[in-house]
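To start, the structure under review is shown below, and the notes come after it.
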Amino acid sequence: MLAGSTQFETLEQALKHYFGYEEFRPGQRDIITTAIANRDLLVVMPTGGGKSLCFQLPALLKQGVTIVVSPLIALMQDQVQQLADNGIAATFLNSSITTEERRDRAAAIYNGEIKLLYLAPERLNQEFISNFLVDLHQEVGIAGFAIDEAHCVSEWGHDFRPDYRKLSQLRHYFPKVPWLGLTATATDRVRQDIITQLDLREPAIHVASFNRPNLYYEVRRKTTTPYKELLAQVKQSKGAGIIYCLSRKKVDELTTKLQHDGIKVLPYHAGLDSQTRTNNQNSFIRDDVQVMIATVAFGMGINKPDVRFVIHYDLPRNIEGYYQESGRAGRDGEPAHCTLYFGMGDIKTIEYLIAQKIDRETGMALEEEQRIATQQLRRVINYAEATECRRIIQLGYFGESFPGNCDNCDNCKYPRPISDWTIESQKLLSCVARFSKQGRNFGLAYTIDVLRGSKSDRVLKNGHDTLSTYGIGKDRTQNEWRILGRSLLHQGLVDETSDGYSVLTLNSLSWEVLKSQRKVEIAIAPSLPTAETPDISTNTAEIQSLYNRLHKLRKQYADANKVPPYVIFADSSLRLMAQQQPQTLAQFAQISGVGARKLAQYGEMFTGEIRAFRAESGLSVQTESDPTPPLDPSPPRRRDISQTHLETLDMYQRGLSLAEIATKRSVRETTIADHLIKLMECGYEVDIDRIVPPDRATAIAQAMKIVGAERLTPIKEQLGEDYNYEEIKLVRARLSDREIAD
């Protein structure tokens, strides 16, 4: 029996009861187990990875109330609404509620009726802590503090909030209460700052992969008519989307143009009054409009999982912000598209904004902040102009290595021709080595000046016109050298300091290149074809038709109850309903995302719609009083068939190969093959002819008749080295015992 619970034997039982899912996402179970053990935790998990569950489920299984610190009112309201829809007792206290509401909620909290209390950091002043939280801890007990968007505590984070710095005072009042800091993006420097500022004590640190394999990344050069291309992209895109702009003026201009061209779109920026921003945001969340055009003021904590595309119409200010903003696409794990439009004019705009970083009291430039912002801009430009896999650069920024060849970005799907630039690399690295020998370091631009024989005052004053590397790179253009330098950085063949100065330093791999022990290949030739938006439709006309009906039903119910559609069911749950067509409540309870509360609330409504669809389509219809047969068109889900198996089946039925599925899900091909085998063993229809051609399947079946099907090794020996175990297992799973014996 779980600690603090008299109802559940396992965490999985609690997960299914409260949230409707049968298994945890990677890392969640370990984090939740640690949280229940009352250890401090720092969790860095990308958007869509399931961070909220890491503090919500422990809160339900522990005694007392969990305090959740959240930076935005919209985020609090959204999460509380979703929890309430799952039958979970949660509330928030902020400036959006009346005095009477605040009094009623406080009474419910003191009566022990609430398990999660959401607060803004601004509310945690000394008076509120001493008068409310201290009493609450004495009467009800505080189970823990969960600090959401914890990167806001760090000046090195992309969204620093001074009020987050005050949170450490809570340690003085509640020294024994455990803390959990959570963020989607944090470099190693930011992670260490979070631990220091929140005074986390020997925290368990969980850093998940930053890779979002379901997101397609591309960079498009701004043409002379960028709006025309944007309009075409929005028209061909399916589902909801966000378009980010640098200025309020650009947001308003694009909104007017797109509305004129028939796109359902609304604006969001700080120049609009708060009520308009709230109304526009709610319209987007509830699918009343397709597109939100916004400045970066929009997005943090907007818990809309079914955003299918994010477009940056202007260059973002830094990689971390871009990762966070583009990551608002595809939080449900379904394919989504992220496009960055890159124009040189954007650089001037951001440089102007950087120049505005001044001390308001003295009017003096904040040189340190300006230097850091300039370096961050330089890295964004490097990303936009790169020819390597986009994920190498993104993930490398957060200290995560990635081998490349993701097959889900423009540079991997449409690679440029590769050339050997080892000699040029040796020239560039030799120049850096000679700077270091003098005890000095310089950035890439200056190094290129020396290589190309610049007669600038700075080069001549430093005496670098006397170096042996001076002028040895005149045969290459400045842009070619810049591409090479960036490629060396992305490949880890040279380092760049991160203190705002961006100077080059050699590493061990640099010396391997210099000693001709490592070859350097890069892509130079430009080639940026337009990639198609991934097709996320379901796999048959019948299933699509039912999916559309369920989608419409969800929207109607959401509007009637004034909640976002995804609060009721995720798109992935609707797709499973359309595929499996549950007609009874017992069958409906088997759908991933259907917990006890949602079964009671929506079961009759959705199964009724499914039965009506089947009757209209001439298919058999079952009532609650009939014996429960297998789900149609798929068999009943057994305990060992989980959501991850069904997701593999869905992707395979949509035509993806084993390799493509493995890449998108960040697992091995053998794991995907095992999923399909398990599905077939449980009675699911899986067409394996794409994996095992019929002639090979026949040979495997013949071998099984000769040596039997119980053990794989004799079958493999009968067939020879040309066959592998995955093929044998797939064929065995498809054949019945009788077919093998005959």
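Listed values, structure above:
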quantity: Region 546-574: number of residues that are surrounded by fewer than 17 Cβ atoms within 10 Å (Cβ to Cβ) and among the hydrophobic types (A, V, I, L, M, F, W, C); calculated: 1
quantity: Residue within region 407-423 that is closer than 23 Å to T223 by Cα, in contact with a helix residue (DSSP H, G or I) (Cβ under 7 Å, 6 or more places away or on another chain) and at pLDDT 85 or above present; calculated: yes
quantity: Extreme residue, surrounded by the most Cβ atoms within 10 Å (Cβ to Cβ), among residues of region 60-69 that are farther than 15 Å from L119 by Cα and out of contact with any Phe, Trp or Tyr (no Cβ under 8 Å at 6 or more places or on another chain); calculated: K62
quantity: Selection within region 240-251 - crowded, with 21+ Cβ neighbours inside 10 Å, touching a Gly at 6+ places or on another chain (Cβ under 9 Å) and not in a strand (DSSP E or B); calculated: V251
quantity: Residue within region 144-156 that is crowded, with 21+ Cβ neighbours inside 10 Å, aliphatic (A, V, I, L, M) and not in a strand (DSSP E or B) present; calculated: yes
quantity: Single residue of L41, L72 found to be surrounded by fewer than 20 Cβ atoms within 10 Å (Cβ to Cβ), within 27 Å of the chain's Cα centre (by Cα) and either within 28 Å of T187 (Cβ to Cβ) or outside the structural domain of H17 (by TED's automatic domain parsing) (or both); calculated: L72
quantity: Index of the failed condition, N211 passing every other in (1) out of contact with any Pro (no Cβ under 8 Å at 6 or more places or on another chain); (2) modelled with pLDDT of 90 or more; (3) polar (S, T, N, Q); calculated: (1)
quantity: Complete set of residues in region 474-516 that are of a type in the set (D, E), modelled with pLDDT under 85 and touching a strand residue (DSSP E or B) at 6+ places or on another chain (Cβ under 9 Å); calculated: E496
quantity: For V177: the one exception among (1) at pLDDT 85 or above; (2) loosely packed, with under 15 Cβ neighbours inside 10 Å; (3) touching a helix residue (DSSP H, G or I) at 6+ places or on another chain (Cβ under 8 Å); (4) part of a loop (DSSP other than H, G, I, E, B); calculated: (2)
quantity: Subset of region 201-239 that is β-branched (V, I, T) and not in a loop (DSSP other than H, G, I, E, B) - its residue that is farthest from the chain's Cα centre (by Cα); calculated: V234
quantity: Count - residues of region 180-206 that are closer than 23 Å to L136 by Cβ, touching a Lys or Arg at 6+ places or on another chain (Cβ under 7 Å) and either modelled with pLDDT under 85 or surrounded by fewer than 20 Cβ atoms within 10 Å (Cβ to Cβ) (or both); calculated: 1
quantity: Within region 305-398, helices (runs of 4 or more DSSP H) holding 1 or more residues that are more than 23 Å from W481 (Cα to Cα), modelled with pLDDT under 85 and not aliphatic (A, V, I, L, M); calculated: 319-326, 344-355, 367-385
quantity: Single match in S454, S487, S425 (criterion: assigned by TED's automatic domain parsing to the domain that holds S510, crowded, with 18+ Cβ neighbours inside 10 Å, without any contact (Cβ under 8 Å) to a residue 12 or more places away in the chain and not β-branched (V, I, T)); calculated: S454
quantity: Residue in region 89-96 that is at pLDDT below 90, in contact with an Asp or Glu (Cβ under 9 Å, 6 or more places away or on another chain), surrounded by fewer than 23 Cβ atoms within 10 Å (Cβ to Cβ) and of a type in the set (S, T, Y) present; calculated: yes
quantity: Those residues of region 399-442 which are part of a helix (DSSP H, G or I) and aromatic (F, W, Y), in sequence order; calculated: F435
quantity: Meets criteria (among the aromatic types (F, W, Y), farther than 25 Å from D650 by Cβ and either crowded, with 19+ Cβ neighbours inside 10 Å or out of contact with any Phe, Trp or Tyr (no Cβ under 6 Å at 6 or more places or on another chain) (or both)) for Y684; calculated: no
quantity: When residues of region 688-700 are limited to those that are in a helix (DSSP H, G or I) and modelled with pLDDT of 85 or more, the one surrounded by the fewest Cβ atoms within 10 Å (Cβ to Cβ); calculated: T698
quantity: Contacts under 9 angstrom Cβ, first residue in region 165-193 being acidic (D, E), partner assigned to a helix (DSSP H, G or I), 6 or more apart; calculated: D193/H151; D193/V153
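The values are calculated or read from the model by the stated rules, or taken from the named source; none is laboratory data. This structure is a prediction, so every number in the text was calculated from the model and none was measured. We place every Cβ from the backbone using ideal geometry, glycine too, and count neighbours over all the protein chains shown.
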